[in-house]
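To start, the structure under review is shown below, and the notes come after it.
The values are calculated or read from the model by the stated rules, or taken from the named source; none is laboratory data. Only a predicted model underlies this, so the values are computations on that prediction, with no experimental measurement involved. Every residue, glycine as well, gets a Cβ built from its backbone with ideal geometry; the counts of neighbours run over all protein chains shown.
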C-alpha cells in the first residue's frame, strides 16, 4: 500500500514539480494578470464610482495575498537574504510597498516582470536555452557594449553642446542651455526626430545633418555587436552539446 506524503510548505512555494506547487504558482500568475487588468481599467476615463470602488477592493484583496506570498517566500528561503535581494524579491517588494506607505507613484505595473516565472513553471527548455545563449552573448560582447555606450554618452553631450552654440541665440526657449539641448540630441542621435524642437539656422541644419549620419551608426553598431555575439554563443552551445554527445560511455566490466 503506497503512502502519499503531502509536500512541505517550501516545496509548494519554491518547487513546481508537485501538483500543489504548480497550482500555487498558476494561482499567483492568474492573480498578477487580473491585478494588471484592474490597474489598466482604473486608467479608463469616465469610469463610474461604483466600478472604481470594486476595483479598489480587488486591489486591496490582491495586495493582501501578494503580501502573504512575499512573507511566505521569505520564510521558506534559505538563506533568506538570497531571496530578499534577488531580482524577483525586489520586484515582489516594489509591487506591494506603495500600497502600505502611501506613495503617489503606482508601481503595480511592475508585477509584469513576475510573469517571467512562467518560464520556470512550464519548464520551457527551449526558452531556457535561448536565455542561456543570450546571457553568454552579453558576456562575449560586454566590453564592446560598455565601450560603445560610453562613446555614445560622450557623443550625446557633444551633440547637445554643438547645437547649443548654433541655436541658443535664435531659439533661446528651446535651446537655452545644454540641458535643454540634450532632448534634441537624444531624439536626433536615435533618428527618432519627433520634430518638437528643430534647428532653424544654416549652421544648425548642417550640424544636424552630420549628427543624423552618425545616428545611423549609433543604431546599427550595437545591433551588429549583439547579432555577432549571439551567433558565436549559438556556435559555442552547439559545440558543447556535440562534445557531450560524443563522449564515450564508460562500461562497467565485471
Selected residue [modelled with pLDDT of 90 or more and in a helix (DSSP H, G or I)] from 147, 158:
158
Set 141, 170, 187, 151: member being touching a helix residue (DSSP H, G or I) at 6+ places or on another chain (Cβ under 6 Å) and surrounded by 11 or more Cβ atoms within 10 Å (Cβ to Cβ)
141
Please determine, by comparing only the residues of the stretch 215-241 that are loosely packed, with under 15 Cβ neighbours inside 10 Å and either within 21 Å of residue 152 (Cα to Cα) or outside the structural domain of residue 175 (by TED's automatic domain parsing) (or both), which one is modelled with the lowest pLDDT.
219
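Looking only at helices (runs of 4 or more DSSP H) that fall completely inside the stretch 26-104, which ones have 2 or more residues that are more than 19 Å from residue 11 (Cα to Cα) and more than 19 Å from the chain's Cα centre (by Cα)?
Answer list for the stretch 26-104: 49-76, 87-101.
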Considering each residue of the stretch 198-213, count those that are surrounded by fewer than 13 Cβ atoms within 10 Å (Cβ to Cβ) and in a helix (DSSP H, G or I), and give that number.
5
